[in-house]
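Report on one structure; see the data block that follows.
The values are calculated or read from the model by the stated rules, or taken from the named source; none is laboratory data. Keep in mind that this is a model prediction, so the values were computed, not measured. Ideal geometry is used to build each Cβ from the backbone, glycine not excepted, and the neighbour counts take in all protein chains shown. Only protein heavy atoms, including side chains, enter the accessible area calculation; ligands, DNA and RNA are left aside. Shrake-Rupley method; radii C 1.70, N 1.55, O 1.52, S 1.80 Å.
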Amino acid sequence: MIRKILAAAAPLAIALASFPGDSAASNYPPDYDFCSRVDTASSGPFDIIRDHVDVTRHMKLTISYDGYLRDHFADDEINIYIRLNGNDAFVAANAGVNDDAYVFLDSGPRGCFWCSAGSYNQNPACEGVEHAPYSGGRYVCSDPTPTEEHVFFWAFGEQGQLNAWDIEVAAEANGWWDSNYGANYSVRLEPTSCFGN
(Lines give C-alpha, C1' and ligand atoms only; values in the text may rest on other atoms or scores of the structure.)
Protein backbone atom coordinates (compact mmCIF):
# COMPACT_ATOMS: atom_id res chain seq x y z
CA MET A 1 0.00 0.00 0.00
CA ILE A 2 2.77 2.47 0.93
CA ARG A 3 4.63 1.58 -2.27
CA LYS A 4 1.48 2.47 -4.29
CA ILE A 5 1.12 5.80 -2.43
CA LEU A 6 4.80 6.62 -2.99
CA ALA A 7 4.55 5.65 -6.66
CA ALA A 8 1.50 7.89 -7.05
CA ALA A 9 3.16 10.78 -5.18
CA ALA A 10 6.43 10.65 -7.14
CA PRO A 11 5.16 12.63 -10.17
CA LEU A 12 3.70 15.25 -7.83
CA ALA A 13 7.00 15.56 -5.95
CA ILE A 14 8.89 16.00 -9.22
CA ALA A 15 6.41 18.63 -10.39
CA LEU A 16 6.67 20.56 -7.13
CA ALA A 17 10.45 20.40 -7.13
CA SER A 18 10.55 21.92 -10.63
CA PHE A 19 7.99 24.63 -9.83
CA PRO A 20 9.68 28.03 -9.50
CA GLY A 21 9.06 29.33 -6.02
CA ASP A 22 9.34 32.75 -4.48
CA SER A 23 11.96 34.88 -6.19
CA ALA A 24 13.54 35.63 -2.81
CA ALA A 25 14.34 31.94 -2.28
CA SER A 26 16.28 31.79 -5.54
CA ASN A 27 17.57 35.37 -5.25
CA TYR A 28 16.08 36.27 -8.62
CA PRO A 29 14.84 39.87 -8.74
CA PRO A 30 11.07 40.33 -8.35
CA ASP A 31 10.81 41.46 -11.97
CA TYR A 32 12.53 38.33 -13.35
CA ASP A 33 10.40 36.92 -16.18
CA PHE A 34 10.50 33.13 -15.73
CA CYS A 35 7.26 32.24 -17.51
CA SER A 36 7.39 31.42 -21.19
CA ARG A 37 3.66 31.92 -21.76
CA VAL A 38 2.65 34.67 -24.17
CA ASP A 39 -0.95 35.16 -25.30
CA THR A 40 -1.66 37.13 -28.47
CA ALA A 41 -4.70 38.42 -30.32
CA SER A 42 -5.26 40.77 -33.26
CA SER A 43 -8.08 43.09 -34.22
CA GLY A 44 -7.85 45.41 -37.23
CA PRO A 45 -4.50 47.24 -37.15
CA PHE A 46 -3.79 46.21 -33.53
CA ASP A 47 -1.83 43.31 -32.06
CA ILE A 48 -2.32 42.64 -28.33
CA ILE A 49 0.43 40.71 -26.51
CA ARG A 50 0.06 39.51 -22.89
CA ASP A 51 3.26 38.18 -21.32
CA HIS A 52 3.04 36.14 -18.12
CA VAL A 53 5.97 37.22 -15.93
CA ASP A 54 5.38 34.84 -13.02
CA VAL A 55 2.58 32.88 -11.37
CA THR A 56 1.32 35.87 -9.38
CA ARG A 57 -0.45 39.03 -10.52
CA HIS A 58 2.41 40.11 -12.76
CA MET A 59 1.71 40.56 -16.48
CA LYS A 60 3.15 42.72 -19.23
CA LEU A 61 0.80 44.06 -21.89
CA THR A 62 1.96 45.41 -25.25
CA ILE A 63 -0.43 46.99 -27.72
CA SER A 64 1.05 47.39 -31.19
CA TYR A 65 -0.56 49.62 -33.81
CA ASP A 66 0.15 49.60 -37.56
CA GLY A 67 -2.82 51.51 -38.98
CA TYR A 68 -3.38 54.41 -41.36
CA LEU A 69 -2.58 57.13 -38.79
CA ARG A 70 1.08 56.14 -39.14
CA ASP A 71 0.94 57.31 -42.78
CA HIS A 72 0.14 60.86 -41.58
CA PHE A 73 1.76 61.21 -38.15
CA ALA A 74 4.97 60.26 -36.38
CA ASP A 75 4.62 57.34 -33.97
CA ASP A 76 5.23 59.58 -30.94
CA GLU A 77 2.26 61.76 -32.02
CA ILE A 78 -0.10 58.78 -31.78
CA ASN A 79 -2.04 57.98 -28.61
CA ILE A 80 -3.56 54.59 -27.87
CA TYR A 81 -6.88 54.28 -26.08
CA ILE A 82 -7.10 51.04 -24.07
CA ARG A 83 -9.98 49.66 -22.05
CA LEU A 84 -9.34 46.47 -20.05
CA ASN A 85 -12.39 44.97 -18.28
CA GLY A 86 -13.98 48.41 -17.92
CA ASN A 87 -11.00 50.52 -16.83
CA ASP A 88 -9.53 52.71 -19.52
CA ALA A 89 -6.61 55.03 -20.24
CA PHE A 90 -5.20 57.14 -23.03
CA VAL A 91 -1.46 56.41 -23.42
CA ALA A 92 1.13 58.06 -25.66
CA ALA A 93 2.70 55.62 -28.12
CA ASN A 94 6.37 55.02 -28.83
CA ALA A 95 8.09 54.07 -32.08
CA GLY A 96 8.52 50.30 -32.17
CA VAL A 97 11.37 48.33 -33.66
CA ASN A 98 8.91 46.28 -35.75
CA ASP A 99 7.72 49.26 -37.83
CA ASP A 100 4.80 49.97 -35.52
CA ALA A 101 3.66 52.34 -32.80
CA TYR A 102 3.17 50.69 -29.43
CA VAL A 103 2.36 51.12 -25.75
CA PHE A 104 3.71 48.92 -22.99
CA LEU A 105 2.09 48.40 -19.58
CA ASP A 106 3.43 46.33 -16.67
CA SER A 107 1.32 45.22 -13.70
CA GLY A 108 4.24 44.45 -11.40
CA PRO A 109 7.63 45.60 -10.15
CA ARG A 110 10.31 46.62 -12.62
CA GLY A 111 13.79 48.09 -12.75
CA CYS A 112 14.87 46.02 -9.74
CA PHE A 113 18.41 46.31 -8.42
CA TRP A 114 20.25 44.81 -5.46
CA CYS A 115 21.08 46.88 -2.38
CA SER A 116 23.62 45.03 -0.26
CA ALA A 117 23.45 45.17 3.53
CA GLY A 118 27.10 46.17 3.67
CA SER A 119 28.48 49.61 3.04
CA TYR A 120 29.24 49.04 -0.67
CA ASN A 121 26.35 50.18 -2.89
CA GLN A 122 26.92 51.96 -6.17
CA ASN A 123 23.30 53.00 -6.63
CA PRO A 124 22.40 56.16 -4.64
CA ALA A 125 18.82 54.85 -4.30
CA CYS A 126 20.20 52.29 -1.81
CA GLU A 127 20.88 54.99 0.77
CA GLY A 128 18.42 54.65 3.63
CA VAL A 129 17.16 51.22 2.55
CA GLU A 130 16.54 49.11 5.64
CA HIS A 131 17.53 45.44 5.74
CA ALA A 132 16.28 42.54 7.83
CA PRO A 133 18.69 41.29 10.51
CA TYR A 134 21.34 38.87 9.14
CA SER A 135 20.33 39.78 5.58
CA GLY A 136 22.84 40.11 2.77
CA GLY A 137 20.66 42.75 1.18
CA ARG A 138 17.42 43.18 -0.71
CA TYR A 139 16.00 44.17 -4.07
CA VAL A 140 14.58 47.63 -4.58
CA CYS A 141 12.13 48.02 -7.47
CA SER A 142 9.91 50.61 -9.11
CA ASP A 143 6.16 50.12 -8.77
CA PRO A 144 3.49 50.29 -11.48
CA THR A 145 2.41 53.79 -12.46
CA PRO A 146 -1.04 55.03 -11.38
CA THR A 147 -2.19 54.54 -14.99
CA GLU A 148 -1.02 50.92 -14.96
CA GLU A 149 -2.66 50.27 -11.59
CA HIS A 150 -5.92 51.67 -12.96
CA VAL A 151 -5.84 49.70 -16.23
CA PHE A 152 -4.96 46.38 -14.53
CA PHE A 153 -7.45 46.82 -11.63
CA TRP A 154 -9.95 44.26 -12.98
CA ALA A 155 -7.36 42.06 -14.72
CA PHE A 156 -7.14 39.77 -11.68
CA GLY A 157 -9.69 38.33 -9.25
CA GLU A 158 -9.80 38.79 -5.49
CA GLN A 159 -7.67 35.69 -4.93
CA GLY A 160 -5.07 36.85 -7.48
CA GLN A 161 -6.31 34.56 -10.27
CA LEU A 162 -6.20 35.85 -13.83
CA ASN A 163 -9.56 37.01 -15.15
CA ALA A 164 -10.60 36.89 -18.78
CA TRP A 165 -9.50 40.15 -20.40
CA ASP A 166 -11.97 42.02 -22.58
CA ILE A 167 -9.87 44.66 -24.30
CA GLU A 168 -10.94 47.56 -26.50
CA VAL A 169 -8.40 49.71 -28.33
CA ALA A 170 -8.34 52.70 -30.66
CA ALA A 171 -5.69 55.12 -31.93
CA GLU A 172 -5.76 58.92 -32.07
CA ALA A 173 -3.41 61.58 -33.45
CA ASN A 174 -4.16 65.32 -33.60
CA GLY A 175 -7.90 64.70 -33.59
CA TRP A 176 -7.82 61.94 -36.22
CA TRP A 177 -9.12 58.56 -34.99
CA ASP A 178 -8.72 54.94 -36.02
CA SER A 179 -11.48 53.46 -33.88
CA ASN A 180 -13.39 51.00 -36.07
CA TYR A 181 -15.90 53.77 -36.84
CA GLY A 182 -16.37 54.56 -33.14
CA ALA A 183 -16.96 50.95 -32.07
CA ASN A 184 -13.30 50.38 -31.05
CA TYR A 185 -11.33 47.28 -31.97
CA SER A 186 -11.83 44.52 -29.43
CA VAL A 187 -10.30 41.21 -28.39
CA ARG A 188 -10.82 38.75 -25.56
CA LEU A 189 -7.93 36.94 -23.88
CA GLU A 190 -9.12 33.98 -21.83
CA PRO A 191 -7.49 33.11 -18.48
CA THR A 192 -4.35 31.06 -18.98
CA SER A 193 -1.53 30.05 -16.68
CA CYS A 194 2.22 30.31 -16.72
CA PHE A 195 2.65 26.56 -17.22
CA GLY A 196 -0.11 25.70 -19.67
CA ASN A 197 -3.79 26.08 -20.53
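If you roll a 1.4 Å probe over the heavy atoms of the protein chains, what accessible area per residue do you get for region 119-197, in Å²?
Per residue, region 119-197 has an accessible area of 66 Å².
How much of Asp47 can a 1.4 Å solvent probe reach, expressed as accessible area in Å² and rounded to 10?
70 Å²
Quick check: with the 1.4 Å probe, what order do Asp88, Asp39 take by accessible area, largest first?
The ordering from most to least exposed comes out as Asp88, Asp39.
Leaving ligands, DNA and RNA out of it, rank Tyr65, Tyr134, Tyr102 by accessible area with a 1.4 Å probe, largest first.
Tyr134, Tyr102, Tyr65
First compute the accessible area of region 75-151 with a 1.4 Å probe, then give the percent of it belonging to carbon and sulfur atoms.
The nonpolar share, carbon plus sulfur, comes to 49 percent.
Out of all Cα-Cα pairs in region 46-197, roughly what percent, to the nearest whole number, are more than 23 Å apart?
The answer is 48 percent, as a whole percent.
Classify region 117-183: rounded, prolate or oblate, from the alpha-carbon gyration tensor (a ≥ b ≥ c, eigenvalue square roots; a/c under 1.5 rounded; otherwise prolate if a/b is larger than b/c)?
Note, shape of region 117-183 comes out oblate.
So if we plug the beta-carbon distance of Phe195 and Trp114 into 1/(1 + (r/R0)^6) with R0 = 30 Å, what FRET efficiency do we get, rounded to 0.05?
Efficiency for this residue pair is about 0.65.
Give me the 1.4 Å probe accessible area per residue for region 28-106, excluding ligands and nucleic acids, in Å².
46 Å²
Rounded to the nearest 10 Å², what accessible area does Trp176 show when all protein chains are kept and the probe is 1.4 Å?
Around 110 Å² of this residue is reachable by solvent.
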